[in-house]
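The values are calculated or read from the model by the stated rules, or taken from the named source; none is laboratory data. These numbers come from a predicted model, not from an experiment. All Cβ positions, glycine included, derive from the backbone under ideal geometry; neighbour counts span all protein chains shown.
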Amino acid sequence: MNRAELIEHISDKAEVSKASAERALGALLEAIASSLQKDEPVVLVNFGTFVVKQRAARKGRNPQTGEEIKIKAAKVVGFKAGKALKEAVKDSVNKEETA
């Protein structure tokens, strides 16, 4: 599902205009990004948690030359799915297997 399809889905389910759905989605994504920029986790109960993780510096290899390179430490976004989301995905897999 891409952004346009997600907006369409929100519009249909919430019975709002596409413009309103787009603004709501934009506000949600902006709030998540803003919180993560402050190193604050975003916890959406039954969906999941977005957190900022620190990835340590490490050695890697240039795939073209095989030369060893240093990769700098970095902050990365992590996501851990909540119980309800895990169950929803698990149930959809189980339905496919029985069909």
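General observations
- Test: residue in the range 61-69 that is small (Gly, Ala, Ser), more than 24 Å from residue 85 (Cα to Cα) and in contact with a strand residue (DSSP E or B) (Cβ under 6 Å, 6 or more places away or on another chain): no
- Flag if residue 10 is modelled with pLDDT of 95 or more and touching a helix residue (DSSP H, G or I) at 6+ places or on another chain (Cβ under 7 Å): yes
- Cβ-Cβ under 6 Å pairs, at least 6 apart or on other chains, the range 36-47 side within 18 Å of residue 86 (Cβ to Cβ) and in contact (Cβ under 8 Å) with a residue 12 or more places away in the chain, far side part of a loop (DSSP other than H, G, I, E, B) and among the small types (Gly, Ala, Ser): 46/82; 47/82
- Of all residues in the range 1-13 being in a helix (DSSP H, G or I) and of a type in the set (A, V, I, L, M, F, W, C), the one that is surrounded by the fewest Cβ atoms within 10 Å (Cβ to Cβ): 4
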